[in-house]
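Following: one structure in structure tokens, then a few remarks.
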Amino acid sequence: MNTPSPSSTRLYIVSGLSGSGKSVALRTLEDLDYYCVDNLPSALLPAFVRTVSHGADGMQRRLAVGVDVRNRADDLNRLPEVLSELGEIGIDYELVFLDTRDEVLIKRYSETRRRHPLSLAGLGLADAIALERKLMRQIATIADRVIDTSDLNVHQLRRHVIAELGMTGSLTLLFESFAFKKGVPPVADFVFDARCLPNPHWNAQLRPLSGRDKPVREWLEQQPDAVLFLDNLRSFLDTWLVRFVNEGRSYVTICIGCTGGRHRSVHLVERLTEHFRQNYQQVLSYHRELE
């Protein structure tokens, strides 16, 4: 295993079984300012790293690449050789493999109604998973880190990636919007209730939009209670998050809920994310009911 050093390019190669959460892992790393590319042929890895890390816009030190069964079999088989080449040119990398039990994969595909990438070959789901596991066996064997995602939901996997892969020694903030009618997120350090604020849902023009949209933002910014609520939240968090930093805390989740998780809570999360990115290096946002 090559351990990334702060002074060199940090490269994560994220691989694993289809349905194991690779897309979630890559999106999380992207939120942490990694330059991410999915489904890159492994033979192109050295050229990709050279090009991106010494590009015209400056040196990009944090890279992540997804490699999975969508690549050709001979390309997957070349990965050990490619990794050796990366080591020869001085690239610090870590190969991360996401694994999941077969019965969980079958359940996930059944719930989402997605097609397995190997099902195009006329295979049933169980046979496609078995073939993929066989094709990916070599990569799983040489992986520096194997993460079993069988018992992790999306939120837990994001937290795991941030804690295990994305941390750089500073406080990471996650602002999450949600709908109270669908339950409070299972992992939260702070929970704030925005249901007391005027609701854009009752405006026919705003109802189909979300708190990300300019008309909703402008409408809420004209509501005195919404403005005061946001100001109070900023002031409270400005005061107390510093204490978490001083105590050596590495991760804090702030959840804001409203009735449907679409307008008020999303607007507040967006505004708070903008504010705290001015002073904190790693600030993420997640809108549970919109994703």
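The residue of region 257-271 that is nearest to Thr28 (Cα to Cα), among those that are among the aliphatic types (A, V, I, L, M) and under 19 Å from the mean Cα position of the chain (by Cα), is Val269. Are any of the residues in region 184-197 over 27 Å from Leu32 (Cβ atoms) and surrounded by 19 or more Cβ atoms within 10 Å (Cβ to Cβ)? Within region 184-197, one or more residues are over 27 Å from Leu32 (Cβ atoms) and surrounded by 19 or more Cβ atoms within 10 Å (Cβ to Cβ).
Selection within region 224-253: residues that are at pLDDT 95 or above and aliphatic (A, V, I, L, M). The member of this set that is surrounded by the fewest Cβ atoms within 10 Å (Cβ to Cβ) is Leu228. Candidates Leu26, Leu98, Leu76, Leu105: the one that is surrounded by 19 or more Cβ atoms within 10 Å (Cβ to Cβ) and in a strand (DSSP E or B) is Leu98. Can you find a residue that is basic (Lys, Arg) and assigned to a loop (DSSP other than H, G, I, E, B) anywhere in region 237-257? Within region 237-257, one or more residues are basic (Lys, Arg) and assigned to a loop (DSSP other than H, G, I, E, B).
When Met1, Met59 are checked against the criterion of being over 16 Å from Met136 (Cα atoms) and either in the same structural domain as Met136 (by TED's automatic domain parsing) or modelled with pLDDT of 80 or more (or both), a single residue qualifies: Met59.
Within region 278-288, identify whether any single residue is crowded, with 19+ Cβ neighbours inside 10 Å, in contact (Cβ under 8 Å) with a residue 12 or more places away in the chain and more than 24 Å from Arg27 (Cα to Cα), and answer yes or no. Checking region 278-288: not a single residue is crowded, with 19+ Cβ neighbours inside 10 Å, in contact (Cβ under 8 Å) with a residue 12 or more places away in the chain and more than 24 Å from Arg27 (Cα to Cα). Just one of the numbered conditions (1) free of Cβ contacts under 8 Å to residues at least 40 places away in the same chain; (2) part of a helix (DSSP H, G or I); (3) over 30 Å from Leu173 (Cα atoms) is not true of Arg115: (2). Among the residues of region 112-144, those that are under 23 Å from the mean Cα position of the chain (by Cα) and among the basic types (Lys, Arg) comprise Arg113, Arg114, Arg115.
Listed by first and then second residue, the pairs linking a residue in region 216-235 that is outside any helix (DSSP H, G or I) to a residue that is crowded, with 19+ Cβ neighbours inside 10 Å and hydrophobic (A, V, I, L, M, F, W, C), with Cβ atoms under 8 Å apart and 6 or more places separating them unless they lie on different chains, are Gln223/Leu197.
When region 197-215 is limited to residues that are in contact (Cβ under 8 Å) with a residue 12 or more places away in the chain and under 15 Å from Glu274 (Cβ atoms), the one that is nearest to the chain's Cα centre (by Cα) turns out to be Arg212. Does region 131-150 contain at least one residue that is within 22 Å of Asp75 (Cβ to Cβ), in contact with a His (Cβ under 6 Å, 6 or more places away or on another chain) and part of a helix (DSSP H, G or I)? The answer is no, given that none of the residues of region 131-150 is within 22 Å of Asp75 (Cβ to Cβ), in contact with a His (Cβ under 6 Å, 6 or more places away or on another chain) and part of a helix (DSSP H, G or I).
Of all residues in region 228-247, those being of a type outside the set (Lys, Arg) and in contact with a Leu (Cβ under 9 Å, 6 or more places away or on another chain) number 7. Among the residues of region 34-53, those that are in a helix (DSSP H, G or I) and either surrounded by fewer than 16 Cβ atoms within 10 Å (Cβ to Cβ) or not polar (S, T, N, Q) (or both) comprise Ala43, Leu44, Leu45, Pro46, Ala47, Phe48, Val49, Arg50, Thr51, Val52.
Tallying residues that are of a type in the set (A, V, I, L, M, F, W, C) and either under 20 Å from Tyr286 (Cβ atoms) or assigned to a helix (DSSP H, G or I) (or both) within region 199-215 yields 2.
Within region 182-198, identify whether any single residue is in contact with a helix residue (DSSP H, G or I) (Cβ under 9 Å, 6 or more places away or on another chain), within 27 Å of Tyr280 (Cβ to Cβ), of a type in the set (D, E, K, R) and part of a loop (DSSP other than H, G, I, E, B), and answer yes or no. Checked against the condition, which is being in contact with a helix residue (DSSP H, G or I) (Cβ under 9 Å, 6 or more places away or on another chain), within 27 Å of Tyr280 (Cβ to Cβ), of a type in the set (D, E, K, R) and part of a loop (DSSP other than H, G, I, E, B), region 182-198 yields at least one hit. Looking across region 83-95 at every residue that is crowded, with 16+ Cβ neighbours inside 10 Å and not in a strand (DSSP E or B), the one that is modelled with the lowest pLDDT is identified as Ile91.
Just one of (1) within 30 Å of His160 (Cβ to Cβ); (2) more than 20 Å from the chain's Cα centre (by Cα); (3) loosely packed, with under 15 Cβ neighbours inside 10 Å fails for Glu274. It is (2).
The values are calculated or read from the model by the stated rules, or taken from the named source; none is laboratory data. The model shown is predicted, which means the values in this text are computed figures rather than measured ones. With ideal geometry, Cβ positions are generated from the backbone for all residues, glycine too; neighbour counts draw on all protein chains shown.
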